[in-house]
1. So if I check each of Val227, Val271, which one is over 49 Å from the mean Cα position of the chain (by Cα) and surrounded by fewer than 15 Cβ atoms within 10 Å (Cβ to Cβ)?
2. Can you tell me which of (1) of a type outside the set (S, T, N, Q); (2) in a strand (DSSP E or B); (3) more than 30 Å from Asn225 (Cα to Cα); (4) open to solvent by 30 Å² or more (accessible area, probe 1.4 Å) is the one Ala108 doesn't meet?
3. Give segment 238-252 a look and list any residue that's assigned to a strand (DSSP E or B) and either under 16 Å from Gly95 (Cβ atoms) or in contact (Cβ under 8 Å) with a residue 60 or more places away in the chain (or both), or say none.
Amino acid sequence: VNPRPQISVNSPAVCQGDSATLSVTGNANTYTWSPATGLSSTSGATVNAAPSVTTPYTVTATFTTTGCQNNATGTVTVRTKPTITATSANPTTCGTATGSITINGLAASTAYTLSYSVNGNPVAPASRTSTAGGSIVISSLSAGSYSNINVTLNGCVSNALNVTLSDPSAPQLTIPSSNVIVCAGNPTGNINFSANPTNATINWTNNNTSIGLAASGTGSINSFNAVNNSTTTQTATFTVSASANGCTSAAQNISIIVNPRPQISVNSPAVCQGDSATLSVT
C-alpha cells in the first residue's frame, strides 16, 4: 500500500483587483491547480491568484513514481474595495473653518480609516464610523486643496478623491473713475460708492483731514465745502474697500484735490472831495 502525499494549502484574503499567493506545503513531486480562473499558472507549489470573486482552488499533489495523489483546497477571499464619491460645502465666510466634505457610498454604521491631505500636507489617518445613510462628514474645514481623500476597510483602500474648497467671493466695489477737483470753499458734490452685493459695508479712510473731512467713514461721501487755508494745492486720498461675509474687496483710491483761492488784501484810503486816492490790492 503506497502512501498518498501529505499536503496543506493556505487560504489568503485579497482586495478586489489585487493578487494573493497560494502556497502548498507537502512532499509530492508535482502540484496541479484548478480552476485556472485568475491563476498565474496551474502548476507549481506556489502560484499567484487574482480572482474577481471569492474562489476556492483545489491543488492535486502527485507522487510521480507511484501515481498516488491527494487533494487540498485553499480559498482566496476577495474583499470589496470601497468606492466613494464626495460632495462639499465651501466656507460660509472668508478665513473661517466653516466648510465641509461629505464622503458617500459607504456601508452603514461601519468603522473606516479615513485619510487625506490638506494643501499637500498629510493628515494623520483616523477611525471614523459611517452614518446609517453610509456617509462620513469631514467638518470645520477652511478654504484649501484637499487631496488623496480615501477610506480603508479590512485592509482595502478605496479610490482617491480631490476636492477644493473656496472662500466666498469678495464684493465688487465701484467708485468714480475721476478725481474730484474744486476750489477752496466750493462744494465737492456727492461722491458715490457702490458694491455688489448691496448689503456689503463700504469703508474709506482719508489721509488729509485738513480739507474738512474726517479720517475715516462708511458709505458714500456726501457733498461738503472743501477747505484749503494754505497757498498750495491740498490733496486728500481716499482708500475705499467693501466687505461682506468676512470677505474684503481689493482697495481702490480716489482723491479730492482742493485748489487754493488767491490770498489778497486791499487798502482803504481817505481823500478830499474832488481829489483822487490810490486803491491797491496785494
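The values are calculated or read from the model by the stated rules, or taken from the named source; none is laboratory data. As the structure is a prediction and not an experimental result, all values here were calculated from the model. Note that each Cβ is placed from the backbone with ideal geometry, even for glycine, and that neighbours are counted across all protein chains shown. Accessible surface is based on the protein model in full, side chains and every heavy atom, while ligands, DNA and RNA are left aside. Shrake-Rupley method; radii C 1.70, N 1.55, O 1.52, S 1.80 Å.
1. Numbers: Val227 fails: surrounded by fewer than 15 Cβ atoms within 10 Å (Cβ to Cβ).
Sole residue among the options that is over 49 Å from the mean Cα position of the chain (by Cα) and surrounded by fewer than 15 Cβ atoms within 10 Å (Cβ to Cβ): Val271.
2. Here Ala108 clears every test but (2).
3. Going through segment 238-252, the residues assigned to a strand (DSSP E or B) turn out to be 238-244, 247-248, 252.
If the condition is that a residue be assigned to a strand (DSSP E or B) and either under 16 Å from Gly95 (Cβ atoms) or in contact (Cβ under 8 Å) with a residue 60 or more places away in the chain (or both), then Val240, Ser241, Ala242, Ser243, Ala244, Cys247, Thr248, Gln252 are the ones that fit.
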